[in-house]
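Every read-out reported here was derived from the displayed coordinates using simple, explicitly stated rules and does not represent laboratory data. What you see is a predicted model, and the numbers here were worked out from it, not measured in a lab. Note that each Cβ is placed from the backbone with ideal geometry, even for glycine, and that neighbours are counted across all protein chains shown.
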């Protein structure tokens, strides 16, 4: 148990919804969610397909711990082949939708083919119906959720959908649930749009059980107590959210600024967590409250209200209400990366990205690349329509809407940073790995994250090996962010443990207080049948990683692409202690390949694949 | 003296752990739809969640309405309890209750409501933020009174909004 042991296969070309049993042999080898759904995807599609063709598949997947009493059990993931990176995409989201899908009795929903006309899937527990989405197509996420609830007369329906961004196949379009939680990265929303699939709406009242309920409740309570006893999870995240990182990263010289021209932003304080709490002229604050996802006793989510007289709200009544506020990555991409210190404009961009269904990191980072092209004189107002200098809040507010709508210069921004910079002959200005925009940590000031960006199976992102936990926060042990020694092993171990976390259905943030081989293993053992010994968990973690890598290589990733933008390797910045640094990737990558059992060119050996059961 | 569940909505984060704990305690399954307590989302306009649960009326509308006397008062906990063996699932109680806090469980065809878990409510135990606490009936409003007292004592010049 833990698993519902059931998946739904929806063929959009034929208009059919067919349930089938979950392959339990695979579940024991890949757990659930990211690992298991990736295994299904990889065995069912040709790696060479065009990600936006009907041959691609799109999987919504929960894990065996999703919607249980375990802490932070809200998570579901969307797995597909990415149109942004050409490799595997797995984007993970919180809120309430994932738990509802699980309680409706499904471990996964696999979408195949392409609908002739826009449709949405309605799931009333085990009753699955494809319905026409004519009246929804063209609408953004917030309105889509409301219209679907109205159509079914059910206030409790949970909805995951795309806005105009996904419909227009913006290459970094997100899928949004519960108005402001995002399966954000790698363009999963564009794949959904390419299939003419507008939304998944679910009501789940069947519930679920676990293998040993008494033991499970004991483990859950003991592990929640650890979260309640740790400063990050009991104070810092509830009060300041991930935004608590803004001033910290700026201090250590790890805050990428103006498309990575600098590593510190003089406006950081103005867009920080502390600024969100500071009274505005009318006495109100940007932050309204914090919010939890389903089952979470951390509650790091931000709820914000834009200053009601801010210029961005002119003619935008929908954005006057409270909604999901700035996370660190988003505040950085709209703010520091674009040189913008207007907190309210950044909050507006956040609301708009959630409504249009755009990935906040990629949008902000793509705009910053455009701003550099503009300042270099490569593009002018002839292309952009309005001036795009670094620091322009007006440009941020205007461009987010144009990008979602696919109009004017927004259509070019919708290609992402790499394709934009290539188009104008300056690919070196794109701060991407494998075509995906990097996150909010400068690898010149935090060396380990540079390796993590490069080895990441979904391209540039911080969520496959979050080295700043060790390098900056000292969790579980402090490592010097400026040294490369030991980072290859740190990244490898982080990757393999997060493979397990992402496959379980829980949020990565519990890792600030838990160990994977302790707390996680205990949860899985109490909830599920199968072997979840530490030895087998390490094997599963490595298996998932090598499987993803092999898919990407088969899809056409050249191992030579395991590198960073030249700026980060060649243009030094002043980091902690006044030292000039670039990212010393060459000191870390060969050791990483060796630790992984890969050739010196970065290809898994047959022996390695065999050890994970990935051959034949 | 009996205790009752005190709701402090301003502390609720919307994590639904109370609903999970209730459904698990009552039905040994994670199924929030059958939680006796429910959490409502007023984030967009009011910026808060509000949990809601049976107040255990002294003179209970649900018990008055029940045609088969299936709802009776537990003398120890002062909670109104539905005797499933007597309940016919006629839903008269759900119509009578002005607060909607007794409902019909369609899985078993019976009325369901909070019974205070025999004096140790699982929802209170599970709440991570003390939005739910189990306090003596007579001291229910005490904390609010204390805050108002501080606000109206004349010395607190910075208080601009009502407490709570």
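Translational D (Stokes-Einstein, µm²/s) of region A:1-62 at 10 °C and 1.306 mPa s when Rh comes from the Kirkwood sum over C-alpha pairs?
Working: Rh = 12.7 Å.
It comes out at roughly 125 µm²/s.
Mind jotting down the distance between the C-alpha centroids of region A:222-277 and region B:85-143, whole Å? Value for the Cα centre distance between the two parts: 40 Å.
Pairs of Cα atoms nearer than 8 Å and 6+ residues apart set the relative contact order; for region A:350-475 it is 20 percent. Please list log₁₀ I(q)/I(0) at q = 0.22, 0.25, 0.26 Å⁻¹ for region A:493-575, using the Debye equation with identical point scatterers on the alpha-carbon positions. Computed log10 I(q)/I(0) values: -0.99, -1.14, -1.20.
When chain B is treated as a GNM, springs tying every alpha-carbon pair under 10 Å, which of B:118, B:109, B:141 comes out with the largest mean-square fluctuation? Residue with maximal mean-square fluctuation among B:118, B:109, B:141: B:141. Spatial offset of region A:302-334 relative to region A:109-178 amounts to 24 Å, using the alpha carbon center of each. Over every Cα atom in region A:547-599, the radius of gyration and the widest Cα-Cα span, Dmax, amount to 14.6, 44 Å.
When each of B:80, A:557 is scored by the number of other beta-carbon atoms lying within 10 Å, the sequence from fewest to most is A:557, B:80.
Relative contact order for region B:54-164: what is it in percent, counting Cα pairs under 8 Å that are at least 6 residues apart?
Values: 119 pairs, mean separation 19.8, N = 111.
Over region B:54-164, the number comes to 18 percent.
Kirkwood Rh, Cα Rg: Rg to Rh for chain A? Don't skip to the answer; put the middle values down first.
Details: Rg = 22.4 Å, Rh = 23.9 Å.
Result for chain A is an Rg/Rh of 0.94.
Contour minus end-to-end for residue A:407 and residue A:18, with contour as 0.36 nm per residue of separation and end-to-end as the Cα-Cα distance? Can you show the working numbers first?
On the way: separation 389, 0.36 × 389 = 140.04 nm, distance 3.85 nm.
The span from residue A:407 to residue A:18 would gain 136.2 nm if fully extended.
Label separation (residue B:145 vs residue A:266): 5.8 nm, computed from points 7 Å beyond Cα along the C-beta direction. Centre-to-centre separation between the Cα atoms of region B:1-64 and those of region A:553-616: 51 Å. Taking other C-beta atoms within 10 angstrom as a stand-in for reagent exposure, A:170, A:378, A:454, A:252 fall in the order A:378, A:252, A:454, A:170, fewest first.
How big is the C-alpha Rg of region A:1-117 next to the rule-of-thumb value 2.2 N^0.38 Å, as a ratio? For region A:1-117, the normalised Cα radius of gyration is 1.03. The Rg/Rh ratio for region A:227-296, using Cα coordinates for both the radius of gyration and the Kirkwood hydrodynamic radius, is 1.05. Residues A:520, B:99, A:374, ranked from the fewest to the most other C-beta atoms within 10 Å, line up as B:99, A:374, A:520. Taking the empirical scaling 2.2 N^0.38 Å for compact globular proteins as reference, region A:310-440 has a Cα radius of gyration ratio of 0.96. Rg/Rh, computed from the Cα trace of chain B with Rh as the Kirkwood radius, has the value 1.02.
Which whole number in µm²/s is D for region A:33-83 by Stokes-Einstein, with the Kirkwood Rh taken over Cα pairs at 4 °C and 1.567 mPa s?
Rounded to a whole number, D works out at 109 µm²/s.
Computed across region A:414-468, the Kirkwood radius stands at 11.5 Å (inverse of mean 1/r, all Cα pairs). Between residue B:29 and residue B:83, the C-beta separation translates, for a Förster distance of 30 Å, into a calculated FRET efficiency of about 0.85. Treating the angle as unsigned and between 0 and 90°, give the value, to the nearest 10°, between the Cα long axis of helix B:17-27 and the longest Cα principal axis of chain B. The two axes meet at around 20 degrees.
Projecting the alpha carbon convex hull of region A:308-361 along each direction and taking the average yields 3.6 nm². Note that region A:523-616 shows a convex hull volume over its alpha carbon atoms of 164 Å³ per residue. Only helices enter this figure: runs of n ≥ 4 DSSP H residues, each worth -39500 (n - 2.57), summed and divided by the residues of chain A, yield -10500 deg cm²/dmol at 222 nm to the nearest 500.
Estimated from the Cβ-Cβ distance and a Förster radius of 56 angstrom, the FRET efficiency linking residue B:59 and residue A:147 is about 0.80.
Considering region B:16-64, its Cα convex hull presents a mean projected area of 4.7 nm².
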